[in-house]
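Worksheet: the structure to be examined is printed underneath.
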Amino acid sequence: MAVGASTENLAARHERARALLERGAQAAKHTLALDLLERVHEPIGEYPYRGWETLYREQWKYDSFGRTTHSINCTGSCAWKVYVRNNIAFKEEQYADYPDINPTLPTYNPRGCQKGANYKEYVYGPQRVKYPLIRTGERGEGKWRKASWGEALSYIADKIVSAISNYGPDTVTFYSANPAKFLVSYAAGARLANLIGGVVCSFYDWVSDLPPGEPMTWGVQTDSCEAADWFNSKYIIIWGSNVLETRIPDAHFVTEARMHGTKIIAISPEYNPVAIHADIFIPVKPGTDGALALGMAYIIVNEKLYDENYLKSFTDMPMLVRTDNGKFLRESEVVSDGKAGNFYFWDKSSGKAVLAPGTIDCPDKTLDTGAIDQALFGTFIIDTLSGKVEVTTVFSLLKKKLKDYDPASVSDITGVDAALITRIAGEFANTKPARIIAGAGVNHYYHNDLINRSMILLAALTGNVGIPGGGFDHYVGQEKYWCEEGFLKLAYPLGNIKQRFQPTTLWAYVHSEIEKIEGKKEREGKGDPENHDLWPRPISEYIRESVDRGWMPLYPEGTLDSGKTPRILLVWGANFLNQAKGAEYILANLWSKLDLIVDTDFRMNTTGLYADVILPSSSMFEKWDLSTTDLHSYISPFTPIISPQLESKTDWQIFLELARALAGTKFSFTDTLPDGSTINRDFSTLVNDFTEQGTLSEDKSAGQFILDNSMETKGMTMDMLNEQPRRIVATDKEWTSDMKDKEAYYAFQRMYELKQPLNTLTGRQQFYIDHDWFLEEFHEELPVYKPPVDGTKYRLRFLTPHGRWSIHSLWRDAKYQLRLQRGYPIVYLNPDDAAARELSDNDPVEIFNDNGAIIANLCISTRMPEGLTLMYQGWERYTFKKGGFQSPTTIRIKPTQLAGGYGQLKFKVNYWGPTGNQKDTRVEIRKYMEVE
Amino acid sequence: MPVQKQVRMVADLNKCLGCHTCTMACKTMWTDRNKGQMHMYWNNVETRPGKGYPKDWETQGGWFNTKDKNSILLASINEGYGTPWEYNYDQVLKTNGGDASESVSESVLTPSPRPSGNAYASNWDEDVGEGTFPNSYYFYLPRICNHCSDPPCVDACPRQAVYKRKEDGIVLVDQKRCRGYRYCIKGCPYKKIYYNPEEKISQKCIFCYPRIEQHKGNLCATQCVGRIHHVGFADDTASGAYKLVNIWKVALRLHPEFKTEPNVFYIPPLSPPVYSPQLTEDQRIPVEVLANLFGDTSDQTHDQRVERIKEIFRIIRTEREKVAKGERSELIDILIPHSEADRIKV
């Protein structure tokens, strides 16, 4: 095997490049020798010996530059210019060439943060994976041997074939995080999974970035405005969101909106960086945000500050509900050939119940109700097939429900002064357009769906959803991606419906045996309303019902009956193990079930360290790919600015080569899919299938395939994007608004302006969910407040927000980043909490609960309230003496998020599924005595 | 002889994100490739209130306030500037393949030397702040060399290796003539000159002169994603920097009492009101705290500074309200620059 240049230590290489530059600099100095001690008469303005200044001009010289972006899950999708000298990418600068949307909006330039300015550290640093590695010691022990690509891929291919023939294709599991950050690279793994029958895991619900309240209320995964539309708002509540740290390239739209006269309200439990630029900071007790929202709704409803016409047209508020069973009145109950998906209003002008247009079974796909004058309040008697029934409106029920949320009661729950609740409710309702920017701070709770629904309620009551500058806009993780049609065609050539998709939270929960642990706590916790007395029936029953009724898939099939387990996990472009909730259980229980774990990455990370085979992928400077975000409406390419370093290959090429290795086995089998259909999978044609008969052999052609097959990018080429990012030209059906020239994208324009129904049961923004589980078992048919869970045994709530210094685990081990922090993981605590525990700043401390423990160093700050502790997430497991940042967390499934068979509540990958929430965690902190 | 032109920069602290993109933009261009530069941040961002970078720089003194140069101490690199930690990547990550025969396996990535005892780093007290929750407060202060009109570093150097350029007023340390005596560091009350112990010379912010010469902005300003900077020449009446300093008078100098006439200015930070049911207009950052930092001239009293800061806040509030009502405001138009050309004119 040719070693030498290709296996040369990258760090040394970079060092040599630096030395080269340095030598040039030194040479410049020496050739400019002058008599240094000659007197200078005028050092201000007339310095005579300026020849040396070429030194820094030399340093700024470059041979070429190129365009790229970063495949990281930050929603930045920022265009970067990378300067190259002597084939070394030595300096990164924002390209800053996004075209204007219109001259009155601030531009997106420059776009990119301090992490993007230092990606080169990973390209050349010791973190870079240089060649394929195969484990020789125990998992996690760090003993490896170098392998050739051929050997590593045959090894993996043989294991895959063996798992499929012995246990079935659904034991082969693929995990990556988010197509948006690298459409081609994501499609690479997914495409192979689709061709061989493997399982593709969800990520958006698993990482709890999915706001379940959005599919519940709106029938969308999520749809938020692009950041430029923030500037159009007159009132912004930044709620449990920290855009100053987590949306660095977009934050200027907030600070500039503020200068533009927009009032900025920051609501969070601690005085976080976004609060420093707010007009009002509202400290809320952690996890009580839902109560605060309902307290505001109380004011808006009782003081009649709501937009009546809007509620009638665009929400389910005027829809009729039976008072006897709490169900919507359905047409099937009123007339013999009526449909179950048709619902009623009470028309005040005709004095009778009339069918609402735009509902799921209504052929009339409009929200235009014409002459109907819907009653918002009242109780009415209806003749049904089974006699007279009493009905009322959703709005009447809501008003009744809101009685519990008067300002005084809400003040008790939230710690926010009652007068302030009244004031911001009034301001929010009376300033239009008004917007709520919501973040992980309110979405990573167990009851995230209730919190979402309560906040969306505020935006809908005030008629803000569907207008520029208004609405409820959720930014956590990377939500949707432009070019979905093209991506899906590339990623799932046999079609979406032929793909096994797995809601990862359920998969991880069951296969990590968390049910046993949580089930035990649940039994012990009976009677303690704060401690696991969450479910009328054991969680296992809800899981069983959901899987048996086909509401949620659980792979491998037969898991619940025969104890089948997954056998192979292929991870690429993600750090599954480090970021997993319930990390200790996953490592202890899930890991041991796996015969093979493969990690494909450009750098070593926690998942890699605990894997069996590591494949080196190209960095973001070395490949063609595409990246999108819903924070802006442009599409940005990656381009190969330098050639793939050492033995790395692009993800597309890696999975193509794996397809080739699998083809070499000539394995074939007949696969019976979950829908009952069968498919003959012949691996000997895999290479042709993967490359579409050779047309998709190259990364660039795969990228072009996406552009060609998406309406967003009609007429665009990869080369055109390399010249300048283009604004997308149209939106497909996954988006709720049209793309308009010279306007920032905002959500729900099709509903509001075009009167198009939403994909909900009622076709409207639906706040009333009459699914049996919601109505009868959990009493969550309407948004209600439920306190954060997880007992009182440990006193400190443990939050792990996103921070400014990393994107999840990326840059957590980057030297230049670490030097601008404290160099190792820290945990924040209020001075009084620290004093009570006799702790000093920078003390090593142990953060622990029944799930696990971590050791970190203390940072005492008055930004923290008492009772709260905070560690920015993403620290790699190997940056801790003990544990990982997820060690104190568990996986706790909310049964209503397993529900299905109901209008918009229908499993679709990354759209609907249980969330891997983690903010309901409590811990204690004590001094850690170091034993050297 | 005075300079013909003087470059100036205004930083709008109401837009600073504390993201350190400026720091990294500078670091990755000028001080990440040569030895002895790792502790240097020609541009740094510090959380205020806080000890800053280097630690307690404001109390270290400078040429302006002492006759005895030798009484000014030089901060040590590790304790004052912060150790540029190295990490045991190879041992922990084993990307070179690892050695199966190796019996001792490092498993924790550890900064070396480990920050213990009196540990400090350039951004050690990030987001720590002061006050009592919920009335905690802090803000971000980005700092580069002020390229002062009356630079004490120039006077301080016995070798006359520090000078100010005629065409743009940028202050430089002649890297050839300098012998690393560090009197310039003692002389600078802002501690914005750094000693390179490997090359044994002093180095500092060069205001990206190779770029300014090409009419491109300095990297801390052009790469600032918060878009907080306005850069222009002091006599360019069309520049945003000029208008903010000279016309609208909303930008102040950092520690003008140091008498060096800095050419970097700051728009002082607003802050949310003190938490109470009534929410008065009392901003949570005590104006006295700001007046300890910012002012117009060296001869202003503390009380005058307090009044000036209050006046600036009144101006900003008035103009914001005007715009909220749909009226135009020249000030707000400057503070919300559309594109880079609007904020950087060199």
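Among the residues that make up segment A:56-63, is at least one of them in a helix (DSSP H, G or I) and surrounded by fewer than 19 Cβ atoms within 10 Å (Cβ to Cβ)?
Checked segment A:56-63: at least one residue is in a helix (DSSP H, G or I) and surrounded by fewer than 19 Cβ atoms within 10 Å (Cβ to Cβ).
From the list A:Tyr310, A:Tyr298, pick out the single residue that is closer than 22 Å to A:Val410 by Cβ, touching a residue at least 40 places away in the same chain (Cβ under 8 Å), of a type outside the set (A, V, I, L, M) and surrounded by fewer than 24 Cβ atoms within 10 Å (Cβ to Cβ).
Going through A:Tyr310, A:Tyr298 in turn, just one is closer than 22 Å to A:Val410 by Cβ, touching a residue at least 40 places away in the same chain (Cβ under 8 Å), of a type outside the set (A, V, I, L, M) and surrounded by fewer than 24 Cβ atoms within 10 Å (Cβ to Cβ): A:Tyr298.
Which residue is surrounded by the fewest Cβ atoms within 10 Å (Cβ to Cβ), if the candidates are limited to segment A:901-932 and must be touching a strand residue (DSSP E or B) at 6+ places or on another chain (Cβ under 7 Å) and aliphatic (A, V, I, L, M)?
Here the residue is A:Val909.
Name the residues in segment A:30-58 that are touching a helix residue (DSSP H, G or I) at 6+ places or on another chain (Cβ under 9 Å) and either at pLDDT 95 or above or at the interface with chain B (Cβ under 7 Å from one of its Cβ atoms) (or both), would you?
A:Leu32, A:Pro43, A:Ile44, A:Gly51, A:Trp52, A:Glu53, A:Thr54, A:Leu55, A:Tyr56, A:Arg57, A:Glu58, listed by residue number.
Please go through segment A:380-418 and pick out each residue that is within 21 Å of A:Phe314 (Cα to Cα) and either within 34 Å of the chain's Cα centre (by Cα) or in contact (Cβ under 8 Å) with a residue 40 or more places away in the chain (or both).
A:Val391, A:Thr392, A:Thr393, A:Val394, A:Phe395, A:Leu397, A:Leu398, A:Lys399, A:Lys401, A:Leu402 - these are the residues of segment A:380-418 that are within 21 Å of A:Phe314 (Cα to Cα) and either within 34 Å of the chain's Cα centre (by Cα) or in contact (Cβ under 8 Å) with a residue 40 or more places away in the chain (or both).
For the list (1) more than 8 Å from chain A (Cβ to nearest Cβ); (2) part of a loop (DSSP other than H, G, I, E, B), I need the number of the one condition that B:Ala11 fails.
(2)
May I ask you to verify whether A:Trp80 is within 30 Å of B:Ala341 (Cβ to Cβ), free of Cβ contacts under 8 Å to residues at least 24 places away in the same chain and within 11 Å of chain B (Cβ to nearest Cβ)?
no
Scan segment A:229-244 for residues that are part of a helix (DSSP H, G or I) and either buried (at least 24 other Cβ atoms within 10 Å of the Cβ) or at the interface with another protein chain (Cβ under 10 Å from one of its Cβ atoms) (or both) and report the count.
Result for segment A:229-244: 5.
Of all residues being more than 14 Å from chain B (Cβ to nearest Cβ) and among the acidic types (Asp, Glu) in segment A:275-306, which is nearest to the chain's Cα centre (by Cα)? Just the residue, please.
A:Asp289
Would you say B:Asn78 is of a type outside the set (Lys, Arg) and either touching an Asp or Glu at 6+ places or on another chain (Cβ under 6 Å) or surrounded by 18 or more Cβ atoms within 10 Å (Cβ to Cβ) (or both)?
Criteria not met by B:Asn78.
For segment B:318-337, indicate whether the set of residues that are under 23 Å from the mean Cα position of the chain (by Cα) and part of a loop (DSSP other than H, G, I, E, B) is non-empty.
yes
Could you say which residue among A:Glu647, A:Glu692, A:Glu657 is surrounded by fewer than 24 Cβ atoms within 10 Å (Cβ to Cβ), of a type in the set (D, E, K, R) and within 30 Å of A:Ile728 (Cβ to Cβ)?
Of the residues listed, the single one that is surrounded by fewer than 24 Cβ atoms within 10 Å (Cβ to Cβ), of a type in the set (D, E, K, R) and within 30 Å of A:Ile728 (Cβ to Cβ) is A:Glu692.
Is it fair to say B:Glu319 is without any contact (Cβ under 8 Å) to a residue 60 or more places away in the chain, away from chain A (no Cβ under 13 Å) and either over 28 Å from B:Asn218 (Cα atoms) or surrounded by 17 or more Cβ atoms within 10 Å (Cβ to Cβ) (or both)?
no
Can you work out which of the residues in segment B:232-280 that are within 14 Å of chain A (Cβ to nearest Cβ) and part of a helix (DSSP H, G or I) is nearest to B:Ala221 (Cα to Cα)?
B:Gly240
If you take the residues in segment A:245-260 that are assigned to a helix (DSSP H, G or I) and β-branched (Val, Ile, Thr), which one is surrounded by the most Cβ atoms within 10 Å (Cβ to Cβ)?
A:Val254
Tell me, please, whether a residue that is in contact with a helix residue (DSSP H, G or I) (Cβ under 8 Å, 6 or more places away or on another chain), at pLDDT 95 or above and among the basic types (Lys, Arg) can be found in segment A:467-480.
Within segment A:467-480, not a single residue is in contact with a helix residue (DSSP H, G or I) (Cβ under 8 Å, 6 or more places away or on another chain), at pLDDT 95 or above and among the basic types (Lys, Arg).
The rows are residues; the columns are (1) modelled with pLDDT under 95; (2) touching a Gly at 6+ places or on another chain (Cβ under 9 Å); (3) not aliphatic (A, V, I, L, M).
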| site | (1), (2), (3) |
| --- | --- |
| A:Ile614 | no, yes, no |
| A:Ser618 | no, no, yes |
| A:Asp625 | no, yes, yes |
| A:Ile641 | no, yes, no |
| A:Pro644 | yes, no, yes |
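Would you please name the residue that is nearest to the other protein chains (Cβ to nearest Cβ), looking only at residues in segment B:129-182 that are among the hydroxyl-bearing types (Ser, Thr, Tyr) and more than 30 Å from A:Ile267 (Cα to Cα)?
Applying the filter and picking the extreme gives B:Tyr163.
Within segment A:771-791, how many residues are out of contact with any helix residue (DSSP H, G or I) (no Cβ under 7 Å at 6 or more places or on another chain), assigned to a loop (DSSP other than H, G, I, E, B) and in contact (Cβ under 8 Å) with a residue 40 or more places away in the chain?
Final tally of qualifying residues: 6.
Could you tell me which residue of segment B:322-338 is nearest to the other protein chains (Cβ to nearest Cβ), considering only residues that are touching a Ser or Thr at 6+ places or on another chain (Cβ under 8 Å) and either under 14 Å from A:His252 (Cα atoms) or buried (at least 17 other Cβ atoms within 10 Å of the Cβ) (or both)?
B:Val323
Among the numbered criteria (1) in contact with a strand residue (DSSP E or B) (Cβ under 6 Å, 6 or more places away or on another chain); (2) farther than 24 Å from A:Gly116 by Cβ, which single criterion is violated by B:Val231?
Failing condition for B:Val231: (2).
Would you tally the residues in segment A:856-869 being surrounded by fewer than 19 Cβ atoms within 10 Å (Cβ to Cβ) and either among the hydrophobic types (A, V, I, L, M, F, W, C) or facing another protein chain (nearest Cβ under 10 Å) (or both)?
1
Output the number of the condition that B:Trp124 fails; it satisfies all remaining conditions of (1) closer than 23 Å to B:His39 by Cα; (2) at pLDDT 95 or above; (3) more than 7 Å from chain A (Cβ to nearest Cβ).
(3)
Matching residues to (1) away from chain B (no Cβ under 14 Å); (2) surrounded by fewer than 24 Cβ atoms within 10 Å (Cβ to Cβ); (3) in contact with a strand residue (DSSP E or B) (Cβ under 9 Å, 6 or more places away or on another chain):
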residue	(1), (2), (3)
A:Phe428	yes, no, yes
A:Pro433	no, yes, yes
A:Gly441	yes, no, yes
A:Asn448	yes, no, no
A:Ala460	yes, no, yes
A:Gly471	yes, no, yes
A:Gln478	yes, no, no
A:Trp482	yes, no, yes
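The values are calculated or read from the model by the stated rules, or taken from the named source; none is laboratory data. What you see is a predicted model, and the numbers here were worked out from it, not measured in a lab. For neighbour counting, all protein chains shown are included, and Cβ atoms are generated from backbone atoms with ideal geometry for every residue, glycine included.
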